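The values are calculated or read from the model by the stated rules, or taken from the named source; none is laboratory data. Just so we're clear, the structure is a prediction, and the values are computed from it rather than from any experiment. Positions of Cβ are backbone-derived with ideal geometry, glycine not excepted, and every protein chain shown enters the neighbour counts.
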Amino acid sequence: MKNWPLLLLVICLGCTSKPKSTAIQISLINDHSLKITGLDYTVVQEINRDSATASWQSLVPVYHMPADTDMKDYQKPQPGKYLVTDGAIVFTPDTPFAKLQTYFVRYHHYEYGRSLWDDIIKHKKLSHQQYTDLIFKQ
């Protein structure tokens, strides 16, 4: 069998350890802040060293849900402050969340797609980033 090295390589790539899935949760606290939990502790502490808001907005940005939900990918992040407390992230917007208004947190799955093999298995485009939108209403 001439292709056994290739077969061995494919089997080894399939046996690599898979990253553990992060299940984040959100909850409103004091009707004016949002608590985000379930993120990897190491990632939270690493980003916490860099106090720039842009770092947090790249991981868990908060958005105002538009009336036309097809336009939600084009929204600007809600401005506000991020604070780390007990491994959780607390987001307080610059302007309070409006009553009966829908918002969402977009969590980008940076733990997925770290290798070409992950992209092949998930039939994912190389340039496409995976994310989960968590919807909430004040």
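If I filter region 24-33 for residues that are at pLDDT 50 or above, under 20 Å from the mean Cα position of the chain (by Cα) and part of a helix (DSSP H, G or I), do I get at least one hit?
For region 24-33, residues at pLDDT 50 or above, under 20 Å from the mean Cα position of the chain (by Cα) and part of a helix (DSSP H, G or I): absent.
Which numbered condition in (1) closer than 19 Å to GLN130 by Cβ; (2) at pLDDT 80 or above; (3) of a type in the set (Val, Ile, Thr) is the only one that VAL90 fails?
For VAL90, the failing item is (1).
Going by what's in this entry, would ASP70 be described as under 17 Å from LEU134 (Cα atoms), acidic (Asp, Glu), surrounded by fewer than 11 Cβ atoms within 10 Å (Cβ to Cβ) and at pLDDT 90 or above?
Details: under 17 Å from LEU134 (Cα atoms): yes; acidic (Asp, Glu): yes; surrounded by fewer than 11 Cβ atoms within 10 Å (Cβ to Cβ): yes; at pLDDT 90 or above: yes.
Against the criterion (under 17 Å from LEU134 (Cα atoms), acidic (Asp, Glu), surrounded by fewer than 11 Cβ atoms within 10 Å (Cβ to Cβ) and at pLDDT 90 or above), ASP70 qualifies.
With the requirement that a residue be outside any helix (DSSP H, G or I) and more than 26 Å from VAL43 (Cα to Cα), what does region 67-103 give you?
In the first step, residues of region 67-103 are kept if they are outside any helix (DSSP H, G or I); the result is 67-68, 75-103.
Across region 67-103, the qualifying residues are ALA67, ASP68, THR95, PRO96, PHE97, ALA98, LYS99, LEU100, GLN101, THR102.
Filter region 21-51 for residues that are more than 18 Å from GLN130 (Cβ to Cβ) and among the hydroxyl-bearing types (Ser, Thr, Tyr); which is surrounded by the most Cβ atoms within 10 Å (Cβ to Cβ)?
SER33
Of all residues in region 28-57, which are within 16 Å of HIS108 (Cα to Cα) and small (Gly, Ala, Ser)?
Listed by number, the residues that qualify are GLY38, ALA54, SER55.
Each row is one residue, and each column tells you yes or no for (1) free of Cβ contacts under 8 Å to residues at least 24 places away in the same chain; (2) within 17 Å of the chain's Cα centre (by Cα); (3) under 16 Å from ILE26 (Cβ atoms).
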residue	(1), (2), (3)
TYR41	no, yes, no
GLU46	yes, yes, no
TRP56	no, yes, yes
VAL60	no, yes, yes
MET71	yes, no, no
THR95	yes, no, no
LYS99	no, no, no
ARG106	no, yes, yes
